[in-house]
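The values are calculated or read from the model by the stated rules, or taken from the named source; none is laboratory data. It should be emphasised that the depicted structure is a prediction, and the values quoted were computed from it without experimental measurement. Cβ coordinates were reconstructed from backbone atoms using ideal geometry, including for glycine residues, and neighbour counts include every protein chain displayed. These accessible areas exclude ligands, DNA and RNA; they are computed on the full protein's heavy atoms, side chains included. Shrake-Rupley method; radii C 1.70, N 1.55, O 1.52, S 1.80 Å.
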Amino acid sequence: MRSILMFVLSLALLGCQATPSHTEQDKELLGVVLPQELLQANSGFAQSYHSYQPSEDELTAVKLLEGKSLTILFGTWCHDSEREVPRLLKILDMAQGQLTELRLIAVNHNKQEPSGIYQSLELRYTPTFVLFDGTKELGRVVERPQRSLTEDLAALLN
């Protein structure tokens, strides 16, 4: 019983693992990435973006983030990132949400990147969505939202 518990615990601590849906043409990105660069470089992210249809609640919730900044730390190798990051990009595009700043920071398998942002934000799991009002961190959504990503981010405003 203890060995099963240790196995399950070790899986939980590992966080995101490599995703098998990538093609050989996909690039593993590192550092600051533009949304269009991500979608052009990675077929799994592009497919997630194009196939996702946001709900009205998600489109409404993202408008509440207007004037805030969002930093997203993610891995192109991470299945949770491949699911959540394109969804948010699609919602922002459809709602024409006006964030003050959107920073996409791609990290390697060790959850590191050259600028050191991963250290200053104490990155542990990918993806991590960090919402800011100016320089003040309002909160985070880590790996998987509880309701939807935009609704969970909007809830950080309260």
- Message: 7 Å from Cα along Cα→Cβ at both residue 66 and residue 47: what's the point-to-point distance in nm?
- Response: 3.6
- Item | ³J(HN,Hα), Karplus 6.51/-1.76/1.60, whole Hz, each residue of region 27-38, x for Gly, Pro | 9, 8, 8, 8, x, 5, 10, 7, x, 5, 5, 4
- Over region 20-107, what lengths in whole Å, largest first, do the semi-axes of the equivalent ellipsoid take, defined as the square roots of 5 times the eigenvalues of the alpha-carbon gyration tensor? 23, 15, 9
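Order the following by accessible area, largest value first: 50, 79. Probe radius 1.4 Å; ligands, DNA and RNA are ignored.
Details: 50 125, 79 80 Å².
Largest accessible area first, the residues go 50, 79.
Run the numbers for residue 100 and residue 119: contour at 0.36 nm per residue of separation, minus the present Cα-Cα distance, in nm.
Numbers: separation 19, 0.36 × 19 = 6.84 nm, distance 2.26 nm.
Stretched fully, the residue 100-residue 119 segment lengthens by 4.6 nm.
Enter the per residue convex hull volume of region 60-105, computed from alpha-carbon coordinates, in Å³ rounded to the nearest integer. Display every interim value, and only then the final one.
Working: hull volume 2.9 nm³, N = 46.
Convex hull volume per residue, Cα atoms: 63 Å³.
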- Query: When all protein chains stay in place, what accessible area (Å², nearest 10, 1.4 Å probe) is found for residue 144?
  - Reply: 150
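Quote to one decimal, in nm, the extra length available between residue 144 and residue 56 on full extension: 0.36 nm per residue of separation minus the C-alpha distance between them. Walk me through the intermediate numbers first.
Values: separation 88, 0.36 × 88 = 31.68 nm, distance 1.97 nm.
Gain on extension, residue 144 to residue 56, equals 29.7 nm.
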- Query: For region 70-158, what is the per residue volume of the convex hull drawn over the alpha-carbon atoms, in cubic angstrom?
  - Reply: 96
- Item | Partner lysines for residue 111 [C-alpha distance under 28 Å; skip if fewer than 8 residues away on the same chain] | 27, 68, 90, 136
- How far, in nm, would the chain grow between residue 108 and residue 136 when pulled straight, counting 0.36 nm per residue and subtracting the alpha carbon separation? 7.5 nm
- Message: Please list, by residue number, every one of the GluC sites (Glu not before Pro) in region 53-158 that is coil in DSSP and has at most 12 other beta-carbon atoms within 10 Å.
- Response: 66, 122
